[in-house]
Amino acid sequence: MRELHEEPAVAARTPAQDAHPPSVGNDIRDRLRLHVLTDRALSHGRTDVEVATAALTGGATVVQLRGKDLTGADLVRVGQRLRELTRIHGGLLIVNDRVDVALAVGADGAHVGQDDLPAPDARRLLGPDRLLGVSARTVGEAVCAARDGADYIGFGPVFPTLTKGDAGSPSGLEELRRVCAAVAIPVVAIGGIAAGNAGAVIAAGAAGVAVIAAVVGVPDSAAATRVLLRAITVPQRADDAWLRPHVTTPAGARGVTRE
Ligand code: TZP
């Protein structure tokens, strides 16, 4: 495995990459659409920066730095690189567990679990402008997190996962549906999500999905991200002109506005 200090330089963004991926809009729900969590144990020897580069190139909207075995110094070093990279690609950077690291690297937010810093304290430290994600495994936890200042809920595991040993038993899509109905803030589903089941997760009401194995655990992370993004993106009808406002025009002129 490559050492942290050998992280490659962040490649400059090409003009073709200047536009945000289609899934990234100003709406926070859109921006939370596809989270990729770093995990060195699964990354086939690639560094977090290499995997994140591939994921962002494929259309990931969020990179979450997750390094339970990394020191604070290493987290800050990698976090700074990921900050640079996510800025270039128009993605969000969220730091798992470590609000202090999130602040140190100027991340867009932090994500805390039920056993981490309590949500009200995390919110106080992050201030009003950074995102706070809170993990929840039940409707009750989700409702409390929303009340305590979370911007989004990380709900799961929805499906069985081998990636997190202590994740608990999968909740399934019905419980996900109940959580999505119970809170007004976006719900991001996690746990065993891959291209084959991601559409069902969005159909259940989730604003987005968060994955590790499906992107980090495969050799071509950019391609895997593209496939996932397609699976969770509501198809745009080619013939959706009838949905757009019609204007009355002189005879012979086109009657449908296309901005
Ligand atoms: N929290 C609940 S399940 C999980 C986390 C961090 C692991 C998700 O990994 P995978 O490989 O996408 O199932």
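Brief remarks on what is shown
- Flag if Ile190 is buried (at least 16 other Cβ atoms within 10 Å of the Cβ), near the ligand (Cβ under 8 Å from one of its atoms) and of a type outside the set (Phe, Trp, Tyr): yes
- Residues (touching a strand residue (DSSP E or B) at 6+ places or on another chain (Cβ under 7 Å) and β-branched (Val, Ile, Thr)) located in the range 172-208: Val179, Val183, Ile185, Val187, Val188, Ile190, Ile193, Val201
- Residues of the range 26-64 satisfying the condition of being over 14 Å from Ser221 (Cα atoms) and small (Gly, Ala, Ser): Ala41
- Contact annotation: residue pairs with Cβ atoms under 8 Å, 6 or more positions apart or on different chains, pairing a residue in the range 161-175 that is within 9 Å of the ligand (Cβ to nearest atom) with a partner that is assigned to a loop (DSSP other than H, G, I, E, B) and among the acidic types (Asp, Glu), are Thr163/Asp39.
- Within the range 194-227, if we keep just the residues that are part of a loop (DSSP other than H, G, I, E, B) and within 14 Å of the ligand (Cβ to nearest atom), the residue that is farthest from Ala136 (Cα to Cα) turns out to be Val218.
- For Thr233: the one exception among (1) β-branched (Val, Ile, Thr); (2) at pLDDT below 95; (3) over 15 Å from Gly59 (Cα atoms): (3)
- Tally, over the range 87-99, of residues that are in contact with a helix residue (DSSP H, G or I) (Cβ under 7 Å, 6 or more places away or on another chain) and in a helix (DSSP H, G or I): 2
- Residue in the range 120-135 that is within 16 Å of the ligand (Cβ to nearest atom), modelled with pLDDT of 95 or more and among the basic types (Lys, Arg) present: no
- Qualifying positions in the range 174-193 - among the small types (Gly, Ala, Ser) and under 17 Å from Lys164 (Cβ atoms): Ala189, Gly191, Gly192
- Test: residue in the range 178-187 that is at pLDDT 95 or above and near the ligand (Cβ under 10 Å from one of its atoms): no
- On the stretch given as the range 62-85, residues that are within 16 Å of the ligand (Cβ to nearest atom), over 20 Å from the mean Cα position of the chain (by Cα) and not in a loop (DSSP other than H, G, I, E, B) total 0.
- Leading residue by the ranking (surrounded by the fewest Cβ atoms within 10 Å (Cβ to Cβ)) among those in the range 140-167 that are over 18 Å from the mean Cα position of the chain (by Cα) and assigned to a loop (DSSP other than H, G, I, E, B): Asp166
- Restricting attention to the range 65-97, the residues being surrounded by 20 or more Cβ atoms within 10 Å (Cβ to Cβ) and more than 21 Å from Leu34 (Cα to Cα) number 2.
The values are calculated or read from the model by the stated rules, or taken from the named source; none is laboratory data. What you are looking at is a predicted structure, and each value in this text was computed from that prediction instead of being measured. Quick reminder, even Gly has a Cβ in these numbers, built from the backbone with ideal geometry, and neighbours come from all protein chains shown.
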